Amino acid sequence: MADVTTAFFLTTFAGISTGLGSLIAFLVPNLKFSWLSVLLGFAAGAMIYISFVELLAESVGAVGFFQANVAFFLGIFGMFLLDRIIEHIHMDTLHDGNTFSISENHNLRKTGLLTALGIAMHNFPEGMAVLFSSLSSTYLGFSVAIAIAIHNIPEGVAVSIPIYYASGSRKKAFAYSFFSGLTEPLGAGIGYFLLFRFLTPESLFLMLAAVGGVMVFICFDELLPIAIKYGNEHLTFLGVFSGMLVVALSLYFMY
């Protein structure tokens, strides 16, 4: 089992990448969604491959096919319920075809705040995903953290752009984006202090299977639809296959 300090470090790294997205939005002129499309596809490919080849497969080997798959689909269903509860705002109001548009809409601030709230709540279970993956294996936790960090970057863009154009403050836009990402290590902390004492080897593998379900839901409900909408399917699937290939090669060299 991996070091708890390392697990929290990886979770924090994944969370603060949301703030990196807000920096990119300001530092890169004419930021194109096609670039984000490839990144989102890469993250989705990596997460899907890890979920099935590592998380679910290892859980099946440890606790059995039925129990592992029940946990896997409970993870999917739990994220589905959370997704229905949260007002799910994507980047529709910020898109004009290829680049970010400057809107005078007075609802921009509200859009940014609601997006920040939604992302903060979605980051909560993601923090647990990185934590429990890291407790099982440092390498697995690192792989999950990288994949989630990549998909957090465009979320930071989605938070910071409307707040910046509504307030005119780069600092405020960055702060909202950065702090929405900090709910990731917060989720990991709550998961650790509430659940860690009850973890047995069997329950850890069941948790990993549920984490796999959570990540698969995020990929198919968020990452891939947004990637295709704001790029194109060829770029997206190039990113997906690249993400799968990178993870597959890394697993090959690890074993």
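Of all residues in the stretch 178-192, those that are within 18 Å of Ala147 (Cα to Cα) have Cβ atoms under 6 Å from Cβ atoms of residues that are among the charged types (D, E, K, R), 6 or more apart or on another chain, in Glu184/Glu126.
When you go through Ser242, Ser177, Ser203, Ser250 one by one, which is the residue that is farther than 30 Å from Ala62 by Cα and assigned to a helix (DSSP H, G or I)?
Numbers: Ser242 fails: farther than 30 Å from Ala62 by Cα; Ser203 fails: farther than 30 Å from Ala62 by Cα; Ser250 fails: farther than 30 Å from Ala62 by Cα.
So the residue among Ser242, Ser177, Ser203, Ser250 that is farther than 30 Å from Ala62 by Cα and assigned to a helix (DSSP H, G or I) is Ser177.
For the stretch 50-62, a tally of residues being surrounded by fewer than 23 Cβ atoms within 10 Å (Cβ to Cβ) and modelled with pLDDT under 90 returns 4. From the list Ile228, Ile153, Ile161, Ile190, the one residue that fits, being in a helix (DSSP H, G or I), open to solvent by 10 Å² or more (accessible area, probe 1.4 Å), over 23 Å from Val130 (Cα atoms) and at pLDDT below 85, is Ile228. Inspection of the stretch 168-175 identifies at least one residue that is in contact with a helix residue (DSSP H, G or I) (Cβ under 6 Å, 6 or more places away or on another chain), open to solvent by 60 Å² or more (accessible area, probe 1.4 Å), at pLDDT 75 or above and not charged (D, E, K, R).
One residue stands out in the stretch 1-36 among those that are farther than 24 Å from Gly191 by Cβ and aliphatic (A, V, I, L, M): the one that is modelled with the lowest pLDDT, namely Leu31. Are any residues in the stretch 198-225 modelled with pLDDT of 80 or more and among the charged types (D, E, K, R), and if so, which ones? Those that are modelled with pLDDT of 80 or more and among the charged types (D, E, K, R): Glu202, Asp221.
Could you check, for the stretch 76-96, whether at least one of its residues is in contact with a helix residue (DSSP H, G or I) (Cβ under 6 Å, 6 or more places away or on another chain), under 23 Å from Ile146 (Cβ atoms), modelled with pLDDT under 60 and surrounded by fewer than 15 Cβ atoms within 10 Å (Cβ to Cβ)? Among the residues of the stretch 76-96, not one is in contact with a helix residue (DSSP H, G or I) (Cβ under 6 Å, 6 or more places away or on another chain), under 23 Å from Ile146 (Cβ atoms), modelled with pLDDT under 60 and surrounded by fewer than 15 Cβ atoms within 10 Å (Cβ to Cβ), which makes the answer no. Taking the stretch 200-225 as the range and being over 12 Å from Met47 (Cβ atoms) and surrounded by 17 or more Cβ atoms within 10 Å (Cβ to Cβ) as the test, the residues that pass are Leu204, Phe205, Leu206, Met207, Leu208, Ala209, Ala210.
The values are calculated or read from the model by the stated rules, or taken from the named source; none is laboratory data. It should be emphasised that the depicted structure is a prediction, and the values quoted were computed from it without experimental measurement. FYI the Cβ positions are ideal-geometry reconstructions off the backbone, even for glycines, and counts take in every protein chain you see. Protein only, heavy atoms only, side chains kept; ligands, DNA and RNA dropped before computing areas. Shrake-Rupley method; radii C 1.70, N 1.55, O 1.52, S 1.80 Å.
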